[in-house]
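K.L.:
Pasting in a structure now, in structure tokens, and then I'll have a few things to ask.
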Amino acid sequence: MIKRNFFLFMVVTVSQVSLSAEVLTPTSDQQLNTAIVNIWVNGVDYGVESVAFDRLGKKFIECTALSNIGIVVEKLEKDSVKKDFCSLASPSITFTEDPSLQSLNITIPAEYFANSSNNFVYNTPSKASFGGFLNYSLLYSRDEVEEEFNTLAELGIFKDYWLFKNSFIYRNNPLDTESKFLRVESVFELEFPDKFWRLTLGDNTTSLNSLNNSFRFGGLSFGTNYIARPDFVYWNSPTLQGSAAVPSTVDLYLNGVNLYRENVGPGNYSLPTSGLLNKSGNAQIVVEDILGNRTVRNFPIYINNRLLKPKLDEFNRSLAKVIIENLSGLPVQRLS
């Protein structure tokens with residue numbers, strides 16, 4: 001009995017020592033060749049330092065350092081033990097080490113960087129508080145023969161998205177066929193800013209075009225209103241798209257004149273051009289990176305504010321009568 005107990009005790013003891021040695025061996029940082037390196041990406045020194053180590057023939061670097069440079073770390077493989085370290089083991093990623101400078105120069109394609117898009121965001125205008133305004137123009141003259149006083153006034157009130165305004169002319173010494181007081185315009189406007197619609201009740205004026213002269217009418221009008229928002233580009237202006245491996249400058253030239261410039265970071269970019277463009281001709285896109293490398297693309301371009309963006313429609317529906325008045329305020333002709 002004594003020998004059997006001693007034999008069992010020895011087996012348990014040896015088993016515990018073997019288990020503890022098996023757990024401690026893989027977590028030893030001395031076997032990972034850990035070092036602190038300065039990160040260069042595509043030949044550019046970003047001034048970022050990171051901890052790097054080797055495991056099973058793969059180079060790992062802190063994911064936070066790569067993310068600060070603009071690299072999408074979700075596209076990189078993570079270390080199985082230290083989840084906050086990313087692997088540089090990829091067929092499209094290469095790197096070189098410089099022990100004298102303690103630097104790690106990584107060459108990585110543009111698709112690993114976060115996309116840069118500067119698309120304009122159009123915010124709905126906030127509702128206006130209740131208020132009003134008065135615009136006027138006065139003329140007073142006096143000589144030995146007569147005394148004259150004329151005024152043109154416009155009175156308006158507004159709240160939220162609606163506006164009511166009324167304008168009139170007053171003359172103290174009109175002709176025999178004229179009246180002293182003449183109403184010029186009375187109109188109520190209601191805007192729908194989220195849809196770019198406008199409802200107008202009262203006096204209105206048609207748009208001037210090359211086929212018809214502009215004329216005034218009274219009644220109801222409902223349609224789109226894109227020109228009232230100066231921040232909204234409603235025509236189909238071009239968008240500059242491409243990719244850059246390092247920070248670069250993108251220029252748009254039209255007929256040799258620089259019309260647009262924007263700085264972009266590494267990765268794919270999508271840049272809308274200025275809404276002031278309304279021309280046609282030969283365009284050039286020049287991309288120059290901070291290392292001095294330049295690429296040029298040439299193509300014909302046509303931009304016109306009559307060409308609406310996709311999914312935009314322009315319409316107007318009116319129910320009114322055309323009224324032609326003389327200075328006396330009396331109607332001369334009414335057309336249905």
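Rule-based calculations on the coordinates, nothing more; no lab input. Predicted model only: the values in this text are computed from it and were never measured. Methodologically, a virtual Cβ is constructed for each residue, glycine included, from the backbone with ideal geometry; neighbour enumeration extends over all protein chains shown.
K.L.:
Straight-line reach only, C-alpha to C-alpha below 12 angstrom: list the aspartates and glutamates that Lys165 could link to, leaving out same-chain residues fewer than 8 apart.
P.N.:
Candidates past the 8-residue exclusion: Glu154, Glu185, Glu189, Asp203.
K.L.:
Can you list residues whose amide H is under 5 Å from Glu77's amide H, if they're 5+ apart or on another chain and H is modeled 1.01 Å from N?
P.N.:
Those qualifying (amide H under 5 Å, at least 5 residues apart or on another chain) are Ser87.
K.L.:
Give the Debye-formula value of log10 I(q)/I(0) at each listed q (0.16, 0.18, 0.26 Å⁻¹), with one equal scatterer per alpha carbon of region 31-114, two decimals each.
P.N.:
Values, matching the q order: -0.54, -0.69, -1.60.
K.L.:
Further question: Taking the Cβ-Cβ separation of Asn38 and Asn236 as r and a Förster radius of 45 Å, what is the calculated FRET efficiency to the nearest 0.05?
P.N.:
Step by step, r from the Cβ atoms, then E = 0.45.
K.L.:
Same structure, new question: Listed here are the pairs Lys127/Lys311; Lys127/Lys321; Lys279/Lys321; which of them are more than 29 Å apart at the Cα?
P.N.:
As for pairs spanning more than 29 Å Cα to Cα, those are Lys127/Lys321; Lys279/Lys321.
K.L.:
Tell me, what HN-Hα J-couplings in whole Hz come from the Karplus equation 6.51 cos²θ - 1.76 cosθ + 1.60 at θ = phi - 60° for each residue of region 246-255, using x for Gly and Pro?
P.N.:
With the stated coefficients, region 246-255 comes to 9, x, 9, 10, 10, 10, 10, 10, 10, 6 Hz.
K.L.:
Also, I was wondering about something else. Once phi is turned into ³J(HN,Hα) by the Karplus curve 6.51 cos²θ - 1.76 cosθ + 1.60 with θ = phi - 60°, what whole-Hz value does each residue of region 90-104 show in order, with x for glycine and proline?
P.N.:
So the Karplus estimates, Gly and Pro as x, are 8, x, 9, 10, 10, 8, 10, 10, 10, x, 5, 9, 6, 10, 10 Hz.
K.L.:
Right, next: Along its three principal axes, how long is region 239-302 when you only count alpha carbons? Whole Å, largest extent first please.
P.N.:
If we take the Cα atoms of region 239-302, the spans are 31, 19, 15 Å.
K.L.:
List the residues whose amide H sits under 5 Å from the amide H of Val72, counting only those 5 or more places along or on another chain, with H placed 1.01 Å from N in the peptide plane.
P.N.:
Residues meeting the amide H criterion: Phe113, Ala114.
K.L.:
Sticking with this structure for a sec: Using modelled backbone amide H atoms (1.01 Å from N, in-plane), which distant-in-sequence or interchain residues come within less than 5 Å of Ile290's amide H?
P.N.:
Those lying under 5 Å, H to H, from Ile290: there are none.
K.L.:
Can I ask one more? In whole Hz, with x marking every Gly and Pro, tabulate ³J(HN,Hα) for region 309-317 from phi via Karplus 6.51 cos²θ - 1.76 cosθ + 1.60, θ = phi - 60°.
P.N.:
5, x, 6, 10, 10, 10, 8, 7, 10
K.L.:
Further question: Taking a cut-off of 28 Å between Cα atoms, list the lysines near Lys75, but don't count ones fewer than 8 places away on the same chain.
P.N.:
Lys58, Lys59, Lys83
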